[in-house]
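Visitor: Once you've had a glance at the structure underneath, I'll fire off some questions.
The values are calculated or read from the model by the stated rules, or taken from the named source; none is laboratory data. As the structure is a prediction and not an experimental result, all values here were calculated from the model. All Cβ positions, glycine included, derive from the backbone under ideal geometry; neighbour counts span all protein chains shown. Heads up: the accessible areas ignore ligands, DNA and RNA and are worked out on the full protein's heavy atoms, side chains in. Shrake-Rupley method; radii C 1.70, N 1.55, O 1.52, S 1.80 Å.
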Amino acid sequence: MEELANKYNPAEVESKWYEYWLKNDFFKSKPDGREPYTIVIPPPNVTGVLHMGHMLNNTIQDILIRRARMMGKNACWAPGTDHASIATEAKVVNKLAQEGIKKSDLTRDQFLEHAWEWTHKHGGIILEQLKKLGASCDWDRTAFTMDETRSKSVIKVFCDLYKKGLIYRGVRMVNWDPQALTALSDEEVIYKEENSKLFYLKYYVVDDSSEPAKEGEVIHEDAKGRYAVVATTRPETIMGDTAMCINPNDPKNQWLKGKKVIVPIVNRVIPVIEDDYVDVEFGTGCLKVTPAHDVNDYMLGEKYNLQTIDIFNDNGTLSEAAGIYIGKDRFEVRKEIEKDLQDANLLEKVEAYTNKVGYSERTHVVIEPKLSMQWFLKMEHLAKTALEPVMKDELKFYPAKYKNTYRNWLENIKDWCISRQLWWGHRIPAYFLPEGGFVVAETEDEAVKLAQEKSGNSSLTINDLRQDEDCLDTWFSSWLWPISLFDGINNPGNEEIKYYYPTSVLVTGPDIIFFWVARMIMSGYEYEGDMPFKSVYFTGIVRDKIGRKMSKSLGNSPDPLELIEKFGADGVRMGMMLSAPAGNDILFDEALCEQGRNFNNKIWNAFRLVKGWSVNKSLEQSQSSKIATEWFQEQLNKTIAEINDCFEKYRISEALMAVYKLFWDEFSSWYLEMVKPAYQQPIDEKTYNQTLDFFETLLKLLHPFMPFITEELYQNIKERSEKESIMVSLLPTGKEIKDILITKMETTKNIIAGIRNIRAEKGISPRETFNMFFKGDFDESNNAIIMKLANIDGIATYNGNNDNCVSFIVGTTEISIPLGNNINAEEEIAKMENEIKYLEGFLVSVEKKLNNEKFVANAKPEVVENERKKKADAESKIATLKANIASLK
RNA sequence: GGUCUUAUAGCUCAGCUGGUUCAGAGCACCUGCCUUACAAGCAGGGGGUCAUAGGUUCGAAUCCUAUUGGGACCACCA
């Protein structure tokens, strides 16, 4: 072996092996006789760039998929991107704006041309970045939610649901984004607490009879007459007021019953209506009703047949219907109207107030509730089928706590507003007839046919029909992802969908449990009659080390690619996984990547050591090496079982920690030290080969976590043939564990540590040798190990003649090291007396238990037996210590 | 406002059906060491009334109740 650098350099090897894997098609999957293991990637935005959340998410997926592949399964990780309609359209609009082009100046086709250009230019960068991470996706399968197959699927599903009567069109109060100029679903609105103002407005009463106030009534009055006071946070909407509402049981407002009031400034006369929706305690108990601009007011409007006046334009400015402030922005008007009300003496007071305001998830502008014609999908039936499998754990959530969240949403589900007033997306396949009405069809030809039938006019052509301008919500394509990736919508029951569906696991963030996870489950049952995935693994949010969400504006989010450059992909992957228990947020710290990199280096150097040994075939295996190999084999088996168990429960960070400790502590610190030949001495062949086998097994166990370094070393540890790779090798399966060897070695390690401790305390060089004596039960089979690692000349039973000994106790055995004049008797005595004191205290508590009749009667026999043993052991230790003190005195 | 969740070492977290895996791990920290694989390292070591108060039990970090403090989600009063 040529000279190897003493530091591992990841940059040199990572791209080399990724190329090698691609060249050999190791990531590819085709249906065959093996058990499938399928993951569909949560498709990132097509024009997005990799952030820490993606890193975490995709590292986990890669770990799972690589492990499955090494377990002999047919592993298929299907990648792709999402067209992200609002986000992408917003980016394109911005870009055009920079070039001085307004969207409204373009035709739909022209705009889409720009959008596709943008998509082709920036699209898929994120997938290239995933390759740097080592992601073993089957790239030939790369899909896009707006490619032909997926688009066809979406349209087909829309038509199907329409035919089933689950899709309908209707005027509803929707969340309107005045910047993107589109409706949003409830899930796309984020409520934020805000410091705002509560305005108290005067609504003068018409035809006031001036009857005296009855008991409990609160009547406001000034020179202009009697008036009601209405508290509102949105005075700019008074132009849309069509009623005032009081609670019929509100004593203080009884006098308003049946009256009419005048909207301030506007001077429109509106009725006072009564409904117990109104909270008597809030404000003055008088509510202004603006059916066009508030969800609850809309409900009141429906109930009492009120007029609705829509005072806003789509972009949030005041419309003609408002009559005043026309063309001005809503927030501008709020300021102006405050002043105007003040000037007109119609503003009683203004109070500071905190309330929650809805913002658009994508454009971050304040949502305007707006009445508009939209398409909706009925959810009741879909929700019903999707609930039970999750509650019954047929489809498992990790962590399970999200089952509650899931149930809560499904049980209170509202219909899904699926239309968006955007161009970038799947256009709704509804076609309006010249004389009114519409048809829904997958193709234009079919639309014409249906239109002819519907109108009875057989001369209708496509030119007579007008297709709906709206697009579908992005999630309306994402919810089909696990099916459409295998073309299961267009070609039901095809070979791929039958083989790969249901997929094995979905790895995603809990923030999209409603947007995406729940809806995929619905569509899965609707179109495949089965769950889309057997498990869902919810990752946490990546935060910085002091717990803040990573965000561009805070500047606390590291660039993943820079991290990879600095620590290597393996190091970063490990850094992510070290602190990522399922469902917990991860507090990311570069120090974790450093730990990952250090671990790479540790593996690298262990490799250097082993490869540096020369083998002497005529050498016999030493006793210590024989013990070491037998023990390590057991330790390996034990850890493999542990890792398997962790993976079954999706405790991935724990699995990593187990293999980390196995390699660093058990293998490097203990095993290699046990078998390591003296400097420049050869090693026997048997031990050498066994060590290489162990090393190879360790590399395999590490591979899912750290694919690159493990491949590099796998290729170098033995001669490999052309197309061999660790990523397609088989993981060792668990074997029966002989715990006895492990237990014995633990005792041996304790003895070695005890001796090293004495050396450290007394400042004795590790090179200086001496003898060791024992008293009590002692298994001598590991003596060779103790002698080698603790640098001991000989081991013998204590013969009572070695007065100047320092002792310690392991289990019930006393270990003594003769140190001649190095010993300070007083110190030793003090130490032992301290220990006796502790043991006596311990003994008291054990005896107390054993003297308690109820304990002996009720506790399990083995528990009682254990207490007896504790008692005996403590007593024997005390006796030993007392004898030692006596001998030192 | 509702629902859920959580509190264990300086930090991040394990601790399963109450009892020897019961007080643990990793990191950080401290003390020695540049010992020929590795200072990105080696050897050794010190850290916790298991949030607080009650209760159940022979026995509680573990089960129950309340309180306090985190977190998440849903709803929302103008």
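Visitor: Going by Cα centres, the range A:545-610 and the range A:59-104 are how many Å apart?
Guide: 23
Visitor: Determine, from the Cβ-Cβ distance of A:LYS723 and A:ARG466 and an R0 of 41 Å, the FRET efficiency 1/(1 + (r/R0)^6), rounded to the nearest 0.05.
Guide: 0.10
Visitor: Could you work out how far helix A:295-304 tilts from the main Cα principal axis of chain A, as a 0 to 90 degree angle to the nearest 10?
Guide: Approximately 40 degrees, to the nearest 10.
Visitor: Over chain A, what is the relative contact order in whole percent, taking alpha-carbon pairs under 8 Å and six or more residues apart?
Guide: 12
Visitor: Against the longest alpha carbon principal axis of chain A, how many degrees, from 0 to 90 and to the nearest 10, is the axis of helix A:52-70 turned?
Guide: 50
Visitor: Show me the GluC sites (Glu not before Pro) within the range A:304-386 that DSSP assigns to loop and that have at most 11 other Cβ atoms within 10 Å of their Cβ.
Guide: Listed in order of number, the matching sites amount to none.
Visitor: Please find the FRET efficiency linking A:ALA11 to A:GLU35, where r is the Cβ-Cβ separation and R0 is fixed at 51 Å, and quote it to the nearest 0.05.
Guide: 0.90
Visitor: In addition: Using alpha carbon centroids, what distance separates the range A:814-889 and the range A:382-427, in Å?
Guide: So the separation of the two Cα centres works out to 61 Å.
Visitor: Follow-up. Students sometimes get this wrong: rank A:HIS120, A:HIS703 by accessible area, probe 1.4 Å, all chains present, largest first.
Guide: Ranked from most to least accessible, the order is A:HIS120, A:HIS703.
Visitor: Continuing with the same structure: With +1 on each Lys and Arg Cβ and -1 on each Asp and Glu Cβ, how big is the dipole of chain A about its Cα centre, in debye rounded to the nearest 20?
Guide: Its charge dipole is roughly 1540 debye.
Visitor: Under the 0.36 nm per residue contour assumption, what length would be gained going from the current alpha-carbon distance of A:SER553 and A:LYS860 to full extension?
Guide: 104.5 nm
Visitor: Specify the inter-centroid distance of the range A:165-215 and the range A:742-769, based on alpha-carbon positions, in whole Å.
Guide: Rounded to whole Å, the Cα centres lie 76 Å apart.
Visitor: So if each residue of separation counts as 0.36 nm, and I subtract the Cα-Cα distance between A:LYS392 and A:SER781, what length gain in nm does that give?
Guide: Extending this stretch completely gives an extra 134.8 nm.
Visitor: How many nm separate the modelled label positions at A:THR107 and A:SER614, each set 7 Å beyond the Cα in the direction of the Cβ?
Guide: Each label point is offset 7 Å from its Cα along the Cβ direction, giving 8.3 nm.
Visitor: Residues in the range A:253-289 near a label at A:SER209, defined as backbone nitrogen under 16 Å from the 7 Å Cα→Cβ point?
Guide: A:253-261, A:272
Visitor: Moving to a separate point now. DSSP loop GluC sites (Glu not before Pro) in the range A:759-816 with at most 15 other Cβ atoms within 10 Å of their Cβ, which ones?
Guide: Those satisfying the criteria are A:GLU768.
Visitor: Next question. Carbon-plus-sulfur fraction of the accessible area of the range A:118-206, 1.4 Å probe, in percent?
Guide: 50
Visitor: I've got another one for you. Checking the a/c ratio against 1.5 first, then a/b against b/c, what shape does the Cα gyration tensor give for the range A:772-880?
Guide: Cα axes put the range A:772-880 in the oblate bin.
Visitor: Per residue, how much accessible surface does chain A expose to a 1.4 Å probe? Answer in Å², no decimals.
Guide: 46
Visitor: Something else about it: What distance in nm lies between label points placed 7 Å from Cα along the C-beta direction at A:ASN834 and A:ASP160?
Guide: In this crude spin-label approximation the distance works out to 7.5 nm.
Visitor: Using DSSP to call loops (not H, G, I, E or B), can you name the GluC sites (Glu not before Pro) in the range A:574-655 whose Cβ has at most 14 other Cβ atoms within 10 angstrom?
Guide: Filter output for the range A:574-655: A:GLU620.
Visitor: Return P(r) of chain A (all Cα-Cα pairs; 10 Å bins starting at 0; whole %; ordered from short to long distances).
Guide: Histogram of Cα-Cα distances, whole percents per bin: 2, 9, 15, 16, 15, 13, 10, 8, 6, 4, 1, 0, 0.
Visitor: Taking the 0 to 90 degree range and rounding to the nearest ten, how far is the long axis of helix A:402-411 tilted relative to the main principal axis of chain A, both from C-alpha atoms?
Guide: 20
Visitor: OK, next. Quick check: at a probe of 1.4 Å, how many percent of the accessible area of the range A:271-312 sits on carbon and sulfur atoms?
Guide: Taking all protein chains in place, the range A:271-312 shows 46 percent carbon and sulfur surface.
Visitor: At R0 = 35 Å, how high is the FRET efficiency between A:ILE190 and A:GLU99 if r is their beta carbon distance? Nearest 0.05 is fine.
Guide: Approximately 0.70, to the nearest 0.05.
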